[in-house]
Amino acid sequence: MKTFTHLMQEVQEKGLCHHCGGCAAFCTAINYGALELGGDGKPRYRDQEKCIECGICYSICPEINELDAETQNLVSWSAPMGRILRIAVARATDPEVRDRATDGGVVTALLLHLFDRGRIDAAVVSRKVGPFQRRPWLALSREDIIDAAGFHFDTLPSISHFSEVYSTYSPSIMELRDVAQKTVKRATFVGTPCQINTLRRMEVLGVVPSEAIKIHFGLFCAGNFQFGPEERGQLEKIGNFTWDQVYKVNVKEELLIHLRNQEIRRISLEQLDFMKRFACQFCEDYAAEFADLSFGGLGAPEGWTTVVVRSPQGQELLSKAMGTYIEVLKLKETPLSSQAIREKVLEWSEKKKQTAAEHFHLLEKEAV
Ligand SMILES: Cc1cc2nc3c(=O)[nH]c(=O)nc-3n(C[C@H](O)[C@H](O)[C@H](O)COP(=O)(O)OP(=O)(O)OC[C@H]3O[C@@H](n4cnc5c(N)ncnc54)[C@H](O)[C@@H]3O)c2cc1C
Ligand code: SF4
Ligand code: SF4
Ligand code: SF4
């Protein structure tokens, strides 16, 4: 039986671990207690003696292809970028939600809809706890959900007290610990494609606490960026701004730095390679292909969210919230078309898969 020791050899030592936290979350949620997230955000042994060699951490790691076919079957995945039942462009009807949101506030509006209808007791999100500090958060009220709207980056756990190094990645899966401990029965998970992928693998095996996640909201993801004082200075120079002018950061086709004076600084994602996490260069999933609903700013006008509906459950939720919690842009009345948005998402998805393939190829060559 392969265990965390093999994950260290096959995934971590090659730099492929993207800190989704799934392995540590499972081992903690079921109370084996052998693993924890280390100061650098990577999982590690907390107490190796407690490992019962169940092998689950190994099987659910998205970098291990053991459960690929079952996971694809579970969500009726199909090439080239997962199942798509519908693509819509939408925004929250509540102006307060729109004001706080990254794009159109659809994620927050749908969470509120689920919460107000009593369909979930909690949502795993990421929440602001300081000027540029965020934390994964188990939202237990509609106020918590509204508080968590927006694009968040986290301080790296090891140095969070100094809040100097930021990461656009939020280790939200670790909040599943609370889902298990607080006996939450029905939750929505909001996260990056890699996190959704891990959760689906847990679902394939039917392990805790995946059964509590009733609906999966995936966020488009071009990569995770980490920036300390040096990178922040570099970004200021590239974008011609200072951090004290910034009130919002967003990623679409470019990094968008919104300044308090309404100006937007645009920095191409290629220019950000110097701060991209190594493991993200091997990631193939841009549009959260394993989610029930995927969300991004790509393809949508400013202030709106592109929504990819991937499951009947996602379809039902979108339909029920339409006209009350969200409004859907009538694409026929705009220069946009659903086909053009689909092509844009496909272009970015294919680009990501191709880059990952090239990097894997280089890695194999180096190994040889
Ligand atoms: C790390 C990251 C990278 C992204 N990259 C792209 C991209 O390349 N292209 C693109 O089109 N869109 C990208 N997005 C998605 C985009 O930024 C919006 O989240 C999405 O369009 C939904 O907008 P909204 O206004 O409907 O969401 P909102 O209503 O603002 O809700 C956003 C939700 O996401 C949660 N959240 C915020 N930050 C994080 C985080 N770091 N990890 C997990 N959850 C978080 C919030 O708590 C909130 O619940 C990215 C998002 C993240 C978090
Ligand atoms: S107990 Fe199971 S999940 Fe925990 S480290 Fe060991 S093999 Fe992995
Ligand atoms: S499950 Fe996630 S955190 Fe654990 S080794 Fe795999 S990629 Fe890293
Ligand atoms: S690029 Fe992939 S591995 Fe990196 S944060 Fe996004 S989904 Fe996760």
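The values are calculated or read from the model by the stated rules, or taken from the named source; none is laboratory data. Model, not experiment: these values are computed from the prediction. Cβ placement follows ideal geometry from the backbone for every residue including glycine, while neighbour counts extend to all protein chains displayed. Side chains included, ligands, DNA and RNA excluded: accessible areas come from the protein's heavy atoms. Shrake-Rupley method; radii C 1.70, N 1.55, O 1.52, S 1.80 Å.
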Original post:
Taking only pairs six or more apart or across chains, which ones have beta-carbon atoms under 8 Å, a first residue in the range 98-121 that is of a type in the set (Asp, Glu) and open to solvent by 10 Å² or more (accessible area, probe 1.4 Å), and a second residue that is at pLDDT below 95 and in a helix (DSSP H, G or I)?
Top reply: ASP116/ARG142
Original post:
Does ARG232 meet the test of being within 19 Å of the chain's Cα centre (by Cα), buried (at least 16 other Cβ atoms within 10 Å of the Cβ) and of a type in the set (Lys, Arg)?
Top reply: no
Subject >> So VAL184, is it open to solvent by 10 Å² or more (accessible area, probe 1.4 Å) and either among the hydroxyl-bearing types (Ser, Thr, Tyr) or within 16 Å of ligand 2 (Cβ to nearest atom) (or both) >> reply: no
Original post:
Applying the selection to the range 259-268, what residues are in contact with a helix residue (DSSP H, G or I) (Cβ under 7 Å, 6 or more places away or on another chain), farther than 21 Å from GLY228 by Cβ and either outside any loop (DSSP other than H, G, I, E, B) or hydroxyl-bearing (Ser, Thr, Tyr) (or both)?
Top reply: LEU259
Original post:
Say we look at the range 187-212 and pick out the residues that are open to solvent by 10 Å² or more (accessible area, probe 1.4 Å) and away from ligand 3 (no atom under 16 Å from the Cβ); which of these is farthest from ILE173 (Cα to Cα)?
Top reply: GLY206
Original post:
Within the range 276-291, can one find any residue that is in a helix (DSSP H, G or I) and closer than 25 Å to VAL106 by Cα?
Top reply: no
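Given the structure, is TYR45 more than 16 Å from ligand 4 (Cβ to nearest atom), under 20 Å from GLU203 (Cβ atoms), modelled with pLDDT of 90 or more and not small (Gly, Ala, Ser)? Can you show your working first?
Details: more than 16 Å from ligand 4 (Cβ to nearest atom): yes; under 20 Å from GLU203 (Cβ atoms): no; modelled with pLDDT of 90 or more: yes; not small (Gly, Ala, Ser): yes.
No, not satisfied.
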**OP:** Provide a single number: the residues in the range 73-93 that are open to solvent by 70 Å² or more (accessible area, probe 1.4 Å) and outside any loop (DSSP other than H, G, I, E, B).
**Re:** 3
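Which one of these is touching a residue at least 40 places away in the same chain (Cβ under 8 Å), in contact with a helix residue (DSSP H, G or I) (Cβ under 6 Å, 6 or more places away or on another chain) and not hydroxyl-bearing (Ser, Thr, Tyr): ALA340, ALA300, ALA321?
Residue meeting the stated conditions: ALA321.
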**OP:** Considering each of GLY104, GLY15, GLY33, GLY22 in turn, give the residue that is farther than 21 Å from ILE196 by Cα and at pLDDT below 95.
**Re:** GLY33
**OP:** Quickly run through the range 18-71 and pick out the residues that are open to solvent by 10 Å² or more (accessible area, probe 1.4 Å), within 8 Å of ligand 3 (Cβ to nearest atom) and out of contact with any strand residue (DSSP E or B) (no Cβ under 6 Å at 6 or more places or on another chain).
**Re:** HIS18, HIS19, CYS20, LYS42, CYS57, CYS61, PRO62, GLU63, ILE64
**OP:** Kindly provide the set of residues from the range 324-337 that are open to solvent by less than 60 Å² (accessible area, probe 1.4 Å), in contact with a helix residue (DSSP H, G or I) (Cβ under 8 Å, 6 or more places away or on another chain), assigned to a loop (DSSP other than H, G, I, E, B) and within 18 Å of ALA101 (Cα to Cα), ordered by number.
**Re:** TYR325
